[in-house]
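Accompanying notes for the structure given below.
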Amino acid sequence: MTHSNRTVLVLLDPATEVRPSALELLTLARDLGRVEAVTLEAPTVEVLAQLGGHGVETVHQAELSRDGECVTGDERHLPAVVAAALAAAVRLTDADVVLLPTSFAAKEAAALAARDLGAGLVIDAASVREADGRVVAGKRVFAGAWDTECAVTTDVAVVTVRANSVVARPAPAAVEPVVEGYAVELAPSPVTLVSREVKADTSGRPPLDQAAVVVAGGRGTEGDFGPVVELADALGAAVGASRDAAFEGWWDTYVGQTGVTVAPRLYIGAGISGAPHHRGGMQASQVIVAVNSDPEAPIFEICDFAVVGELAEVLPQAAAEIRRRRG
Amino acid sequence: MPHGPASYGNPMRIVVTAKYVPDISTERGFADGRVVRTAAEGTLNELDENAIEAALQLVEAGRASGAVGADEGEVVVVTMAGPDGDMALRKAFQLGVDRGVRVTGDELAGSDYFGTAAVLAAAVRRLGQEAPVDLVVTGMAALDGLGSVVPTLLGAELGLPTLNLAKKVELADGVLTVTREVDDTTEVLSAPLPAVLSVTDGANSPRLPGFKLIMAARTKQIEVWSPADLGLAADAAGTAGARTEVLVAAPRPPRAEPEIVTDKGEGGIALADYLIRNDLVRPAEETR
Ligand SMILES: Cc1cc2nc3c(=O)[nH]c(=O)nc-3n(C[C@H](O)[C@H](O)[C@H](O)COP(=O)(O)OP(=O)(O)OC[C@H]3O[C@@H](n4cnc5c(N)ncnc54)[C@H](O)[C@@H]3O)c2cc1C
Ligand SMILES: Nc1ncnc2c1ncn2[C@@H]1O[C@H](COP(=O)(O)O)[C@@H](O)[C@H]1O
């Protein structure tokens, strides 16, 4: 198997937007071989243009049916359905690699597709390359303390990739993607989707799981996320929380092993002690900054820069200074 | 009152899968490409305490409803681990589970997700031969690898409907309904029993071990099964069946000594200065 004839499928679900993580996947995929996208609905014109700019010549759009009936609507995004579409696309295109983002839903779909295909599965890779004809994925484990690499020993590799693993860059030359439908017959589903609701984000901030900069607040905010939001907005950052702050209802998404795992360029934790569960979800960040009134806070053990102080004073001052210096 | 789990009028037999993992507050590492697990630093995967709690609550709800006898219903915990894994089962006993099974064999070392799921499925099937299993409950992730895929694969292996990452669990008339908040989506899903269920850490607050249970857990019998006992082929799990191979595992160099500033009125300016100096602030036009 040579480099140039490797086919790499990238999942694009939903197909109504190209999230930053999808551009990163396309960038990684181009280094591995020819890139094709798989969708479960018709991509929009804007989406097609973006895919073309990233070198996608073919978009495989699954046409789902079960017992002769078309399957449409929310059910298309269920992991079992996404998995069936991916497995069928691999068989159709003889693809060697499937790349997905690392979200909970995508992990489920990846596992089911890999099982169906007899493929090796890597979850939450930070790099993907080819070596001696095999796909080799790098992972950061144990809260970013260890680097590992594993080779996929089967013909097909299914890999979920964490956000911010590479800097997305467009293809040297844009192409015009062609959308090709392909039939996917779904097995009867014992699971019923009662309802599905996607949270509309009107904040204008980047999504937490994909942001290049994250500012997170913890118990030390005492419920007032104003200073956290102010600094985040000065930096164009996403806002996150500790689990304690989220469980208090102060913010809705939290960073950590059971929340969102982030590995941004810059993570700023304010009023967060740095408990092992929290660290497990952010310690792989490139630069870690802490603001905490307790000079003994454990988060200081893993940071690059810290201010010992009251977050309600330090964060707004930093935000104002950034706005001022940037002009 | 017929609401939630209580309306499941039959005694429930539930299997919980629980993993023995290195404690996340200790130094964790690898030797020969495998995770080091020692008795001194190993523990029951904390997230599996939520699975145990969910299982106990379902069994207890049946009893509380009066439809089920006070000694009916059973929670069996299964782990795939070496002998040190007994520690995880003892912890499960302390929480009140009825039985503990450890599946062990040298040939299981180096199992990948698929191998793990195959072994756990075989153990569930064997328990099912004794008496029907109504539900399999798992944690949302093993804190060593954070895969969150074994539950999905286990469900597929058993051919059972799988409801993952439940934050809320309801059972009525043999139908399980879960609410899950994954990524930016809230979903309500339902499936008839028997099923596989994974619960998040938001689903419940695990109970503390009871004194009597702590005493009893010390001497409680652990059942040890081999892959052969489960009729598993030699390459069903372990290194032989793995579809990935660890090439390198290396500790990362420690971070450099941090720069720590104590705020005396200009801490925010020092912070802004650090960010600008290290090129971490994007130009104004890119931030909105
Ligand atoms: C199974 C399990 C899973 C978990 N998963 C996660 C997870 O994914 N993510 C997560 O975050 N947690 C998780 N937790 C919880 C975790 O263990 C900690 O309890 C939590 O992270 C603590 O949140 P915190 O840092 O906001 O609060 P605390 O630990 O209470 O820390 C608050 C900090 O704020 C500082 N502070 C107080 N006032 C000020 C002020 N005015 N200015 C500046 N600093 C101030 C204090 O000095 C302190 O360091 C999990 C726990 C369990 C059991
Ligand atoms: N070796 C194991 N023994 C028992 N249960 C396991 C094992 N590995 C994974 N599990 C179960 O699967 C869940 C998710 O694990 P994972 O997919 O590895 O993150 C855990 O919370 C456990 O309930």
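Structure above, values below:
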item: Three semi-axes of the equivalent ellipsoid, region B:112-216, Cα gyration tensor, whole Å, largest first; result: 20, 20, 17
item: Peptide A:265-277, shielding by other chains (average Cβ, 10 Å cutoff); result: 2
item: DSSP-defined antiparallel bridges as percent of all bridges, chain A, nearest 5; result: 20 percent
item: Pairwise Cα inverse-distance average, inverted: Kirkwood Rh of the protein assembly as shown (Å); result: 25.3 Å
item: Other protein chain Cβ atoms within 10 Å, averaged over every residue that makes up A:186-197; result: 5
item: Estimated FRET transfer efficiency when R0 is 30 angstrom, pair residue B:125-residue A:196 (beta carbons, to 0.05); result: 0.40
item: Likely footprinting exposure, B:12, B:215, B:140, B:87, fewest C-beta neighbours within 10 Å first; result: B:215, B:87, B:12, B:140
item: Shielding by partners - mean other protein chain Cβ count within 10 Å, residues of B:176-187; result: 6
item: FRET efficiency, 1/(1 + (r/R0)^6) with R0 25 Å, evaluated for residue B:266 and residue A:296 via beta carbons; result: 0.65
item: DSSP bridge orientation in region A:7-185 - percent antiparallel, rounded to nearest 5; result: 30 percent
item: Highest average packing first - A:37-45, B:55-63, B:116-124, A:192-200, Cβ atoms within 10 Å; result: B:116-124, B:55-63, A:37-45, A:192-200
item: Set A:139/B:264; A:107/B:220; A:139/A:199; A:107/B:212; A:107/B:91 screened for pairs whose C-alpha atoms are more than 32 Å apart; result: A:139/B:264; A:107/B:220; A:107/B:212
item: Pairwise label distance in nanometres, residue A:219 with residue B:172, each label 7 Å out on the Cα-Cβ vector; result: 3.8 nm
item: With Cα atoms, 0 to 90° folded angle of helix B:46-64 axis to chain B main axis; result: 40 degrees
item: FRET efficiency, residue B:221 to residue B:70 (Cβ-Cβ, R0 25 Å, nearest 0.05); result: 0.65
item: Prolate/oblate/rounded call for region A:91-220, Cα gyration tensor, a/c under 1.5 rounded; result: rounded
item: Inter-part distance where region A:159-186 and region B:15-74 are each reduced to a Cα centre, Å; result: 39 Å
item: Beta bridges by DSSP in chain B, antiparallel share as percent, to the nearest 5; result: 40 percent
item: Sorted by Cβ neighbour density within 10 Å, fewest at the top, the residues B:93, B:211, B:114; result: B:211, B:93, B:114
item: Ranked list, fewest to most other Cβ atoms within 10 Å of each Cβ, for A:54, A:77; result: A:77, A:54
item: CD proxy at 222 nm, helix term only [per DSSP H run n ≥ 4: -39500 (n - 2.57); per residue of the protein assembly as shown; nearest 500]; result: -8000 deg cm²/dmol
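Quick note: the coordinates plus some simple rules give every number you see, no bench work behind them. In this text the structure is predicted, and so the values were computed from the model without any measurement. Methodologically, a virtual Cβ is constructed for each residue, glycine included, from the backbone with ideal geometry; neighbour enumeration extends over all protein chains shown.
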